[in-house]
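Below: the structure, in structure tokens.
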Amino acid sequence: GTSIQEPIAGSYERARIDNVSGSWEISGTSLNNGVAIEFVPATEDWGMVRGWAMCTDNLDGKVIMLEMFETPVEVTAGTSVTFPIGGVSIDFEIDRWTL
């Protein structure tokens, strides 16, 4: 988590996704969020957000996945950032899942 730049606004904190059944869905060779990913509402400007990252911890931790947005998004005070169900899709180059 220390290798990424996150908003420094006091109202910013990472959104948590619990590792429980239903949080993620498998579709073919893609992993998609099965629940909405909701950040706390911005009470002050967060600035330009250029991408998202999946990390192992609420603070610091390891970066598991990092993806940049095609178009950066400006997050201003009074707005909420939400990734809808299926809004995060991670594609794997595999031919099948084995559990």
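Just ILE85, ILE26, ILE64 to compare: in a GNM of the chain, with alpha carbon springs under 10 Å, which one fluctuates most? In this elastic network of the chain, the residue with the biggest mean-square fluctuation among ILE85, ILE26, ILE64 is ILE64. Between the amide H of VAL49 and those of VAL73, GLU74, VAL75, distances stay under 5 Å, these residues lying 5 or more places away or on another chain, with hydrogens modeled in the peptide plane. Within the chain, what whole-number % of the accessible surface is contributed by carbon and sulfur, with the 1.4 Å probe and all protein chains included in the calculation? The value for the chain is 50 percent carbon and sulfur by accessible area. In terms of overall dimensions, the chain has a Cα radius of gyration and Dmax of 14.5, 45 angstrom.
Projecting the Cα atoms of VAL88, SER27, LEU59 onto the charge dipole of the chain (Cβ charges, centred on the Cα centre) puts SER27 farthest toward the positive pole.
State, as an integer percentage, the relative contact order of the chain based on alpha-carbon contacts under 8 Å between residues 6 or more apart. Each step should come with its number before you reach the end.
Details: 173 pairs, mean separation 34.0, N = 99.
Relative contact order for the chain comes out at 34 percent.
Explain nothing, just the number: dipole magnitude of the chain about its Cα centre with +1 on each Lys and Arg Cβ and -1 on each Asp and Glu Cβ, in debye rounded to the nearest 20. Don't skip to the answer; put the middle values down first.
On the way: 5 positive and 15 negative charges, 31 e Å.
Here the size comes out at about 140 debye.
The range 1-41: Rg/Rh from Cα coordinates, Kirkwood Rh? Kindly include the intermediate steps, with their values, before the conclusion.
Details: Rg = 13.4 Å, Rh = 12.5 Å.
For the range 1-41, the value is 1.08.
Summing Lys and Arg as +1 and Asp and Glu as -1 over all other residues whose Cβ lies under 14 Å from the Cβ of PRO7 gives a net charge of -3. Here the dipole of the range 1-55 is about 160 debye; that uses its Cα centre as origin and unit charges on the Cβ of Lys and Arg (positive) and Asp and Glu (negative).
Across the range 63-72, computed HN-Hα scalar couplings (Karplus, 6.51 cos²θ - 1.76 cosθ + 1.60, θ = phi - 60°) run 8, 8, 9, 9, 9, 8, 6, 5, 10, x Hz from first to last residue, x flagging Gly and Pro.
Given DSSP loops and a limit of at most 13 other Cβ atoms within 10 Å, what is the longest stretch of the chain that contains no such GluC sites (Glu not before Pro)? Could you put the intermediate results ahead of the total?
Numbers: sites that count: GLU13, GLU93.
Between the exposed loop sites, the longest stretch runs 14-92.
The values are calculated or read from the model by the stated rules, or taken from the named source; none is laboratory data. All values reported here derive from a predicted model rather than from experimental measurement. Ideal geometry is used to build each Cβ from the backbone, glycine not excepted, and the neighbour counts take in all protein chains shown. Areas reflect the complete protein model, heavy atoms only, side chains present, ligands, DNA and RNA absent. Shrake-Rupley method; radii C 1.70, N 1.55, O 1.52, S 1.80 Å.
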